[in-house]
Every structure is written in structure tokens, then in C-alpha cells.
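The values are calculated or read from the model by the stated rules, or taken from the named source; none is laboratory data. Just so it is clear, the structure is predicted and the values come from calculations on it, not from any experiment. Every residue, glycine as well, gets a Cβ built from its backbone with ideal geometry; the counts of neighbours run over all protein chains shown. The protein model used for the area step is the full one, side chains on, heavy atoms only, and it has no ligands, DNA or RNA in it. Shrake-Rupley method; radii C 1.70, N 1.55, O 1.52, S 1.80 Å.
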Amino acid sequence: MTRWLANHARALRDALDRLRHPLIPTALSVIVIGSALALPLLLHLAARNLATLSGQLDAEPQLTLFLDTNATETETEAVARLLARHPAASTVRFVTRAEALADLRTSAGLGGSVDDLGRNPLPDAFVVTGREGDPTGLETLRDEAASWRKVEHAQLDALWARKLAATVRVGRVAALLLASLLGIALTAVTFNTIRLQILGRRDEIELSKLIGATDAFIRRPFLYFGLLLGAGGGLAGLGMVALAVATLNRQLSGALLLLGGVGGFSGPAISDAAAVVGVAAGLGWFGAALSVGRHLRRFEPS
Amino acid sequence: MITIDHVSKRYPGGRDALRQVSFTVAKGEMVLLTGHSGAGKTTLLRLVAAIERPTAGTITVGGQNVSRMGNRGIPYLRRNFGLVFQDHKLLHDRSVFENVVLPLRVTGFTAREAASRVRAALDKVGLLARERDNPVTLSGGERQRVCIARAIVHRPAILLADEPTGNLDADNARNIVALLDVFRQVGATILVATHDAEAFSAAAPRVITLSAGAFVA
Ligand SMILES: Nc1ncnc2c1ncn2[C@@H]1O[C@H](COP(=O)(O)OP(=O)(O)OP(=O)(O)O)[C@@H](O)[C@H]1O
Ligand SMILES: [Mg+2]
């Protein structure tokens, strides 16, 4: 057991030596792996931030009927009756022009400029939600309501939300695809790095075999090397992403204030970070194992 | 300890390096393999260490059939050997100490135990003062002695030495022969390939002569 531990400790130390010496190729590999990981991670974060955003901004499809500003109470009641009878309408809420103004003043932080208007420019409105499982009902209602008396304008919201949701889905799939592709690239990078290492250490490997080293013994430092290279690349990737997120947030801070309540582009969570480093380390190990398995065979006695 | 039984070796390309060679080496015995250049001495040592496999015949070491041994068993077989190579096979990217310590690393010695054994081995070949030097800075004879230190550092049961005195002057050669003889006296089995049987006369070994791959005496 202690011998096993000592063997692994030595292999780890060997691997660290090989990473440090020479340093430049290691640094280059780490940067290549880091950028390969940063790309899908950024895409994944973008998708997640968009999803959060669309969750915060009400994504329930709703139809808003804006009434003519000169509509009388009877005319308004007529519209309300038509809505109450309509099969596509689930809930109907009446928003007076005063409520709409107050809402605008508080939610969008436009208080001062609204007061400057002098008089309320907003109309009364009905806000209608559709029945569940009937996505086209509200569209039919919109087309019909547009011709009702005193309905100035019928607007179906949340189309943008659906588009956003679709974008998020595409973004997630793209991130996954990109991650798989770049995972292969990462494996290839370690594979090749280890291949070069093995070629550079032919004499040592050959001699090790002659003095009774097992394959596991010879393999181990290379595997640790791949593992550390992958993990290093993972950390580099996280660093690049953190830098990108910080830069983005500085650029966005003004714009996000306008949207209200949106806290900015969030970076990778601890679990994301751990997953990235873990997966990168695993792929590094895998690439090394493939390479060592393939290239050590030529040292067998004939 | 070592049995060579009707062993033949034909390298790819059709040259017969060994033809029907048979002899045995007892435990604690020193045997000298002599013969002209190309007679097959190195080939025979490589067969015993399972670096090559015989084309025909059987080699056993300590009762184990080496010629049929699977690849998995070979590393453990080799740990019983100390190998002195005709071309030294020292690694030039590390110090003398780091070269000699390699067989101990393979078998997982602690750093402290390894260090004291390496120094003892270097002391025996008279190179303790050079432990930090790179082998590139050593003379041919000094490299040879480093190679011998590496071969004995793990106190192997069997020493297979290919031209261990090849690059040495008479004094150093005598020292190495004396060292090998001390080894033999504490129970090691020693098989030496050499042109220079004369240098070993002090140890009074049994001499086997090969000619063009065949046993002649
Ligand atoms: N790897 C090889 N492939 C093909 N032929 C080989 C190989 N190694 C040795 N030989 C041939 O086998 C014969 C025996 O070679 P070996 O090295 O065993 O001779 P030796 O007795 O050690 O010679 P020397 O005294 O010069 O070291 C030689 O004719 C040599 O050319
Ligand atoms: Mg030879």
C-alpha cells in the first residue's frame, strides 16, 4: 500500500517535472485546450443567461386589446362581454389608463419623464391570456378583435419570448455539439503531446523495460501528465471565460439597467467550473491512455 | 541457475547468430563467454534476459522457462538480473546518481534507502565523487563503471555483463573483476561476455567459447 502510494507520488512528481520542463510547449497546449473549452462554456453560459432572462420577463403568451381613448363606459363593457363569451380567452383583466401609467412610472424607472408628459397618453386595455394547449386561439381572437368597435389595436405579446426560448434551445444544442467536437480536439492535443513525449523518451522507456519496469509503471507518469495538462487547460478555459464575462458585464451594465431587475451576465457556477476541470482532466487522461497504449507497443521484445 | 538447451537464434534476414548451443551456469558460478566478434555472445545474453526470443531451444532461469514467458511476466523476471550493456545505455538527460537509481525506482524503494544504496554502488566502482555529473562528461571507462553500478545497485541474483572491461585500463579492469568476484562469493550467478578472457584470470571463471554461433569449448 505504501509502495503503491510511493509509486503514484513519484509518477505524479515525474509528470509535474515533464510539464515544467520544457515549459513553452506545455503553456501552448494549455492555452489551446483552454480556448477549446472556453468556447462551448461561453455558449452554454449565454444560453443559460438568456433562459433566465426569458423566465424573469413574463413569457406567458398574452393578448392586449388597446381601446380607443375616447371609448365610453358602455362601449368598454361591450368589449368585455365579447371577451367573456369568447372560447379562446381564459382570463381577462381590465387595466385602466391610470393603472397603466402608474405601472410604467414604477416598473421601467421612467418616473420623471412620464410626469413631464402633462396628460396621460395611455388607453384603457384588456389583457387576455389564452387557454392552455391552444396556442393558436389567441391569434384567432386577435384577428377577430381587431374589427370590434372601439378596439384600436390588438397586440399578441410573447412571440418574442417564444423566439427567445427557441434561441436558447438552439444555443444549448450548439454548445453541446461544440463541446463534443472540442472534446475530441482536446483528446487529440493530449494524444499528440504524449506521442512527442514518448518519442523524446525512447531511450528511457527502452531502458526502463530492460531493468524490469512494468507497463503500468512506464504508463503512469504519462497518464498523470495528460490528466494535469487537461486540468490545466480546464483552469485556463475558466480563466478566459471569467475574463470574458467580466468584460461583457462592464459593457452591458448601462444597457441592463434599462431592462430593470436583470442582474447582469452570470459567470460559471462552482459546479460548472468543477465539471469543466473534471471533464478536461478526464479527457486529458483518456488522450494520454490512447497515445501510450498505441506508442508503447513498439518497445515490446521481438 | 541458468540452463541453455539446444538454443538457436536466427535474426530476421536469415543470419544464424546461435546454433544449437547448450550449457548450464550453476548458482554462484562465474562463466565467461568468449569468441570472436560476431560469434553470438551478446545475442546469448539477450536471450537469457528475454530481450530476444530464441528461434529454437529452451532457456530456463531459476527453473522458469524464459523462452516461453508471456510479456506480463518479463518485467518481474528482469528484476532478478543486473545488466551491463556493451553500449552502456546511460541516459544523458540526468546525473550519474539518477542513472544508477533507476532499477530501485522500478521496484519502489524509498528515496532514503535508494540513495544509500546508490552511493554504496558508486563507491564500489570508484565514482562516488561523480554522482552529480552528467554521464556525457565521463570517459568511456567511467561510463562503463556507472553502468556496472546500475547493474548491481539492486543486488540482483544474476549478473549478465556484456564486455564489462571493454573500455578499461588494466588497473580498472582488475578492480571490476574483483568486484564481480566478490559478488559471486556472496551468491550471485554471473555470465560475462568478453573478448578479454585474460583480464578475468584472477577470478578463475569457467570459459565457454563460441564460434560463429556454435559452442566450441
Ligand atoms: N538485431 C540484429 N539483427 C540482425 N542480426 C543481428 C542482430 N544482432 C546481432 N546480429 C548478428 O548476429 C551475429 C552475432 O551478433 P552478436 O552481437 O551476438 O555478436 P558478439 O559475439 O556479441 O560480437 P561482438 O564481440 O562484436 O560484440 C552477428 O553476425 C550479428 O551481425
Ligand atoms: Mg557483443
On the formula 1/(1 + (r/R0)^6), with r taken between the Cβ atoms of B:Ala157 and A:Ile184 and R0 of 41 Å, the FRET efficiency rounded to 0.05 is 0.25
Using every alpha carbon pair in the protein assembly as shown, what percent of pairs falls into each 20 Å bin from 0 up to the bin containing the largest distance?
17, 31, 19, 14, 12, 7, 0
Here the whole-number average of other chain Cβ atoms within 10 Å per Cβ of B:74-80 is 4
How many Å² of accessible area per residue for region A:1-98, probe 1.4 Å?
59
Region B:84-217, dipole about Cα centre (Lys/Arg Cβ +1, Asp/Glu Cβ -1), debye to the nearest 20
520
Roughly what would the spin-label model give for A:Leu28 and B:Asp169, points 7 Å off Cα along C-beta, in nm?
4.8
The local net charge around A:Ala71, scoring Lys/Arg +1 and Asp/Glu -1 for residues other than A:Ala71 whose Cβ lies under 11 Å from its Cβ, equals -3
Cross-link partners of B:Lys89 among lysines (Cα-Cα below 17 Å; sequence separation of 8 or more within a chain):
A:Lys209
If one builds a Gaussian network model of chain B from Cα atoms under 10 Å apart, the most fluctuating residue listed among B:Val25, B:Val146, B:Val106 is B:Val106
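Any idea what % of Cα-Cα pairs in chain B are farther than 29 Å? Don't skip to the answer; put the middle values down first.
Working: 5577 of 23436 pairs.
So the pairs more than 29 Å apart make up 24 percent of the total in chain B.
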For chain B, set up a GNM with springs between Cα atoms under 10 Å and report which of B:Lys124, B:Lys41, B:Lys89 has the largest fluctuation.
B:Lys89
Residue-by-residue Karplus 3J(HN,Hα) for region A:266-277, coefficients 6.51, -1.76, 1.60, Hz, glycine and proline x
8, x, x, 6, 3, 5, 4, 4, 4, 5, 4, 5
Within chain B, which complete DSSP H helices have Cα atoms spanning at least 18 Å along the helix axis and a mean Kyte-Doolittle hydropathy of -1.0 or higher?
B:111-124, B:140-152, B:170-185
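Per residue, how large is the accessible surface of region B:1-127? Use a 1.4 angstrom probe and give square angstrom.
Working: 5580 Å² over 127 residues.
I get 44 Å² per residue for region B:1-127.
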Buried accessible area, chains A and B (both chains, 1.4 Å probe, Å² to nearest 100):
1800
Identify all aspartates and glutamates with a Cα-Cα distance to A:Lys150 below 13 Å; exclude those on the same chain that are fewer than 8 residues away in sequence.
A:Asp68, A:Glu73, A:Glu75, A:Glu77, A:Asp124
Please give, to one decimal in nm, the separation of the simple spin-label points placed at B:Ala120 and A:Leu296, each 7 Å out from Cα toward the Cβ.
3.1
Show which aspartates and glutamates lie in cross-link reach of B:Lys27 when reach means a straight Cα distance below 15 angstrom and same-chain residues fewer than eight apart are skipped.
B:Asp181
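Of the accessible area of the protein assembly as shown, with the probe set at 1.4 angstrom, what percent is carbon plus sulfur?
Working: 15160 of 26110 Å².
Its accessible area is 58 percent carbon and sulfur atoms.
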Of B:Ala121, B:Ala111, B:Ala26, which is the most mobile in a GNM of chain B whose springs link Cα atoms less than 10 angstrom apart?
B:Ala111
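Counting only C-alpha contacts under 8 Å and six or more residues apart, can you give the relative contact order of chain B as a whole percent? Please list the in-between numbers first.
Values: 423 pairs, mean separation 67.3, N = 217.
This gives 31 percent for chain B.
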Once label points are set 7 Å from the Cα along Cα→Cβ at both B:Ala129 and B:Val182, what is their separation, rounded to one decimal in nm?
1.9
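Could you give the accessible area per residue of region A:171-219, probe 1.4 Å, as a whole number in Å²? Please report the intermediate quantities before stating the final value.
On the way: 2320 Å² over 49 residues.
That works out to 47 Å² per residue.
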222 nm mean residue ellipticity, helices alone, for chain B (DSSP H n ≥ 4; -39,500 (n - 2.57); rounded to 500):
-8500 deg cm²/dmol
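Can you compute the FRET efficiency between A:Trp4 and B:Val216 using 1/(1 + (r/R0)^6), with r the Cβ-Cβ distance and R0 = 51 Å? Round to the nearest 0.05. Write out the running numbers ahead of the final one.
Details: r = 50 Å, r/R0 = 0.98.
Once the sixth-power term is evaluated, E becomes 0.55.
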